[in-house]
1. Roughly how many nanometres apart are two label points built 7 Å out from the Cα toward the Cβ at residue D:4 and residue D:44?
2. Taking the Cα atoms only, what angle lies between the long axis of helix C:7-16 and the longest principal axis of chain C, rounded to 10 degrees?
3. Could you state the orientation-averaged shadow area of the convex hull built on the Cα atoms of region D:45-113, in nm² to one decimal?
4. Considering the alpha-carbon set of chain C alone, what are its Rg and its Dmax in angstrom?
5. Taking the Cα of residue D:110, stepping 7 Å toward and past its beta carbon, and measuring to each backbone N in region A:72-102: which are under 20 Å?
6. Between their Cα atoms, which of C:26/C:104; C:16/C:104; B:16/B:104; B:26/D:104; A:26/A:104; A:26/B:16 are more than 19 Å away from each other?
7. Return the average number of partner chain Cβ atoms within 10 angstrom of each residue Cβ along peptide D:13-25.
8. Assign unit charges at the C-beta atoms only (+1 for Lys and Arg, -1 for Asp and Glu), then state the dipole size of the protein assembly as shown relative to its Cα centre in Debye, rounded to the nearest 20.
4 protein chains.
Amino acid sequence: MSDKPTMDQLQALLSKSPFNRFCQAKIERIDYGNMELELRMPMRAEFERRPDSGQWHGGPIAALVDTAGDYAMALHVGALVPTINYRTDYLRPAINTDLIAIAKVRRAGRSVGVVDIDIFNEEGKLLAVGRGTYAGSAG
Amino acid sequence: MSDKPTMDQLQALLSKSPFNRFCQAKIERIDYGNMELELRMPMRAEFERRPDSGQWHGGPIAALVDTAGDYAMALHVGALVPTINYRTDYLRPAINTDLIAIAKVRRAGRSVGVVDIDIFNEEGKLLAVGRGTYAGSAG
Amino acid sequence: MSDKPTMDQLQALLSKSPFNRFCQAKIERIDYGNMELELRMPMRAEFERRPDSGQWHGGPIAALVDTAGDYAMALHVGALVPTINYRTDYLRPAINTDLIAIAKVRRAGRSVGVVDIDIFNEEGKLLAVGRGTYAGSAG
Amino acid sequence: MSDKPTMDQLQALLSKSPFNRFCQAKIERIDYGNMELELRMPMRAEFERRPDSGQWHGGPIAALVDTAGDYAMALHVGALVPTINYRTDYLRPAINTDLIAIAKVRRAGRSVGVVDIDIFNEEGKLLAVGRGTYAGSAG
């Protein structure tokens with residue numbers, strides 16, 4: 001991949017991963033100026049918490065936090081890097097909605113990078129917040 | 001559910017959740033004395049990080065952390081409670097292996113509970129560690 | 001304290017705490033519209049990491065994260081609430097500078113609240129980021 | 001420092017730091033077999049949360065988490081390494097007691113290490129738990 005991957009290149013990389021393909025995650029926007037990336041993920045039956053609830057289980061929400069943070073780091077590094085750790089805080093139930101993740105690199109260093117990931121519903125309501133540490137550009 | 005759900009009752013509850021059923025998570029052991037619960041989750045093709053790698057994506061690992069912690073809290077509360085937040089640290093790649101989660105309640109209070117979740121491969125090697133906060137018995 | 005404490009009331013509360021008084025923490029700004037609070041903390045000899053380095057030890061930085069988050073929650077609750085947990089990420093060394101914390105409530109619920117706390121040096125450079133969960137208005 | 005610092009060498013290093021000296025932190029035990037370290041920290045007036053409460057403010061507790069984790073990593077690395085991030089969960093109020101930290105390295109890699117830190121009161125009651133990520137042996 002080039003030093004500054006395009007949105008299409010990142011989407012191609014994303015779609016190669018069986019898990020991300022299953023998640024149908026779609027990169028909607030990248031912004032090199034603000035080191036920001038937007039990722040959208042539709043509901044699917046396998047992600048429901050309780051039958052017929054329309055509510056997302058927390059697991060796929062955390063997975064979206066991880067993936068969005070990782071691809072935001074790719075804006076900095078030019079490649080995917082290992083996740084070191086991340087935290088997910090659940091603020092409101094996610095019901096009958098696609099999830100929209102906005103990931104913003106807060107610090108991109110040589111050894112590690114830190115990314116904030118906000119998860120919204122389709123109406124722009126904040127559902128969850130994530131914060132992750134990833135290997136840096138030398139990692 | 002009774003105050004002290006049996007392993008079968010917890011498994012029945014788990015299997016009702018579409019996401020957990022998709023994950024094929026199986027409760028292998030509960031231990032009221034130590035407030036501990038063991039959960040096993042097999043690999044499936046949709047959870048692969050990269051094609052033909054046999055490696056778990058971090059997302060399903062985080063999902064297992066969440067679920068194991070939540071069901072360990074159920075030993076204390078007698079019912080499922082909302083996840084407030086959790087952190088997952090990835091220590092080693094998880095390749096060609098079932099995941100075994102051992103969740104231990106560190107503190108079970110009225111307002112919140114804290115659970116540690118260790119994730120092992122089939123050889124007992126530690127792959128990831130999670131720590132979660134859940135609503136407590138009054139939540 | 002009233003439902004919406006003034007900056008002076010919050011500062012008086014802060015200064016009553018022996019630890020916060022020792023830290024010489026000063027509330028510089030509160031903003032009810034954005035649920036934001038700014039706290040400033042000067043260096044003192046006891047907070048140095050290594051002799052004659054002028055560098056802050058990470059401990060007092062974490063303490064500032066905790067305090068700033070707690071007082072931001074007080075904007076919502078009208079009183080101080082217990083800290084449940086928080087995470088601190090260190091992004092750059094803090095050397096020869098006051099610390100400025102900007103704490104923003106991301107979600108203020110009845111059972112818990114979540115606050116983001118950014119720590120800057122005097123030049124506005126981001127040094128550390130914190131994220132904390134506190135008891136909510138019913139806590 | 002040698003590859004495997006002794007307890008005296010680690011204590012000398014600790015006591016050189018103005019902040020740690022102020023905290024009067026004392027290494028009580030090191031255990032290379034289990035990669036474990038025990039650190040004790042007495043109450044002092046400046047650490048009180050509220051006047052005449054005898055209760056520790058959360059800030060110095062977090063500082064102890066950080067320091068204990070860092071010195072446990074020194075067992076692995078043979079030197080102090082930068083803290084990347086850590087989380088502190090407060091389980092019970094710490095009142096009229098020294099704090100005893102037991103830090104255990106869960107994973108010591110080349111790029112990062114992960115340490116669990118449990119904080120007890122003098123009666124062995126668990127008061128807080130920390131989990132930290134530190135730069136590794138190549139950091």
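1. Output for this residue pair reads 3.4 nm.
2. 60
3. Directional mean of the projected Cα hull area for region D:45-113 stands at 5.3 nm².
4. Spelled out, the Cα radius of gyration and Dmax of chain C are 14.3, 46 Å.
5. Hits in region A:72-102 for residue D:110 at 20 Å: A:79-85.
6. C:16/C:104; B:16/B:104; B:26/D:104; A:26/B:16
7. Counting Cβ atoms of other protein chains within 10 Å of each residue's Cβ and averaging gives 4.
8. Here the size comes out at about 0 debye.
Any read-out appearing in this document is the output of simple, stated calculations on the displayed coordinates, not a laboratory observation. Every value quoted in this text rests on a predicted model; they were computed, and no experiment measured them. In this analysis, Cβ positions are derived from the backbone assuming ideal geometry, glycine residues included, and neighbour counts consider all displayed protein chains.
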